[in-house]
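Data block below; observations after.
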Amino acid sequence: MPGDRAAHLVSAADLRDAPPARLVLLDVRTAGERANYQREHLPGAQFADVDADLSGTPTADSGARPLPDAEALTEALRRWGIHDDSTVVVYDDARSVAAARAWWVLRWAGLTDVRILDGGRRAWQAAGGRLTSDRPEEPPRTGDDQTDTRGNDDAHEPDTSGTFDAPSPSGTSDASDASGTPVRSGHSDTVIARSGSLPTVETSTVARLPSCGILLDARPPTHFHGGGEYPGHIPGAISAPVFDDFDDEGLLLDEATLRARYHRLGVDAGTPAASYCGSAMAAALQVFVLATLGIEIALYPGSLSQWVADPARPLATEPSVALTNF
């Protein structure tokens, strides 16, 4: 996984000035927040439901948000108008936790250009970007028309030009309509979710990870030490609250600061490591943060919601190691 921040993160200013060719925007929220999306969202952004679109159906022992079925995820990708060569930018209004779930799931499914909007909706507004309540036009479904699956689905995307580095694939070209809005060329490719492009660790092996690597708990320290819905942590895990990787505005800290933090935890390139939380949301954000440093770690998709499904699995409340100033 490349250690280039620009491969995983985009600033609001760059998104505002970006050419819309092959750009798909996803506003990522839970179903209960759909009304907030309808009230205001980035122009052209499609609604992505954390549970209905980016998770499977939970069972008694799967955890709260199991990974989605590949067929169902493929249907969602096509509904959003995503192609194999799309640049997908995801954002939320929740400290990038929901956006990180989308980032992880889409990259796990084989998409190669998925980026989080740094700072989310607030950063977009601070950069002068507008919000709208307009319902975006439904994009042409990819995979349904093998002669021209794209068409003009850019009319409601941000009015952008210039600095966003989204390379044009060979054999395609972008024209402009009468208003000067770039129009996507027709394509015949079919997007298919191919699960397994990012590493995961399962419940059967996660307990052994601390003996040969690093197991990170991405939740706040109070939860790690016995508070919250899941009081305590998996034995041997290290407290590494992922929200400490962001400033008060929700912007990702600089690379040097992040690299030093994780080095103190023993997490460097090549270190066997995984992250978990309650239901693989904050943990996905931690995987994302480390990806910006060029460090690939695994996600425990079941996280504590799956771990506690079996009462025989213990929870600890004492710290595994003494850590200060993480």
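Scanning the range 214-230 for residues that are part of a loop (DSSP other than H, G, I, E, B) and within 24 Å of the chain's Cα centre (by Cα), we see that the one that is nearest to GLN286 (Cα to Cα) is ALA218.
Could you look through the range 248-290, keep only residues that are closer than 17 Å to LEU117 by Cβ and among the small types (Gly, Ala, Ser), and pick out the one that is surrounded by the most Cβ atoms within 10 Å (Cβ to Cβ)? The residue in question is ALA284.
Each row is one residue, and each column tells you yes or no for (1) at pLDDT below 95; (2) in the same structural domain as PRO220 (by TED's automatic domain parsing); (3) assigned to a helix (DSSP H, G or I); (4) within 19 Å of PRO210 (Cα to Cα).
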site	(1), (2), (3), (4)
LEU285	no, yes, yes, no
VAL289	no, yes, yes, no
LEU293	no, yes, no, no
GLU296	no, yes, no, yes
PRO301	no, yes, no, yes
PRO319	yes, no, no, yes
ASN325	yes, no, no, no
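Based on this model, can you work out whether SER279 counts as in contact with an Asp or Glu (Cβ under 8 Å, 6 or more places away or on another chain), within 30 Å of THR59 (Cα to Cα), modelled with pLDDT of 95 or more and polar (S, T, N, Q)? It is false that SER279 is in contact with an Asp or Glu (Cβ under 8 Å, 6 or more places away or on another chain), within 30 Å of THR59 (Cα to Cα), modelled with pLDDT of 95 or more and polar (S, T, N, Q). Scanning the range 229-245 for residues that are among the hydrophobic types (A, V, I, L, M, F, W, C), in contact (Cβ under 8 Å) with a residue 12 or more places away in the chain and farther than 26 Å from ALA316 by Cβ turns up nothing. For the range 233-276, taking the residues that are polar (S, T, N, Q) and assigned to a strand (DSSP E or B), the one that is farthest from PRO58 (Cα to Cα) is identified as SER239.
Of the numbered conditions (1) touching a Pro at 6+ places or on another chain (Cβ under 7 Å); (2) among the small types (Gly, Ala, Ser); (3) at pLDDT below 95, GLY228 fails exactly one; give the number of that condition. Result: GLY228 fails condition (1) only.
Within the range 196-213, being touching a Gly at 6+ places or on another chain (Cβ under 8 Å) and either modelled with pLDDT under 50 or of a type in the set (Ser, Thr, Tyr) (or both) holds for SER197, THR203, SER211. Evaluated against (1) within 30 Å of ALA126 (Cβ to Cβ); (2) of a type in the set (Ser, Thr, Tyr); (3) out of contact with any Ser or Thr (no Cβ under 7 Å at 6 or more places or on another chain), SER279 falls short on exactly one condition, (3). Could we say that ASP14 is assigned to a loop (DSSP other than H, G, I, E, B) and either under 23 Å from THR292 (Cα atoms) or not assigned by TED's automatic domain parsing to the domain that holds ASP245 (or both) here? Considered against the rule, which asks whether it is assigned to a loop (DSSP other than H, G, I, E, B) and either under 23 Å from THR292 (Cα atoms) or not assigned by TED's automatic domain parsing to the domain that holds ASP245 (or both), ASP14 comes out as no.
The values are calculated or read from the model by the stated rules, or taken from the named source; none is laboratory data. Because the structure is a prediction, the values reported are computed rather than measured. Cβ atoms come from the backbone with ideal geometry, glycine included; neighbour counts cover every protein chain shown.
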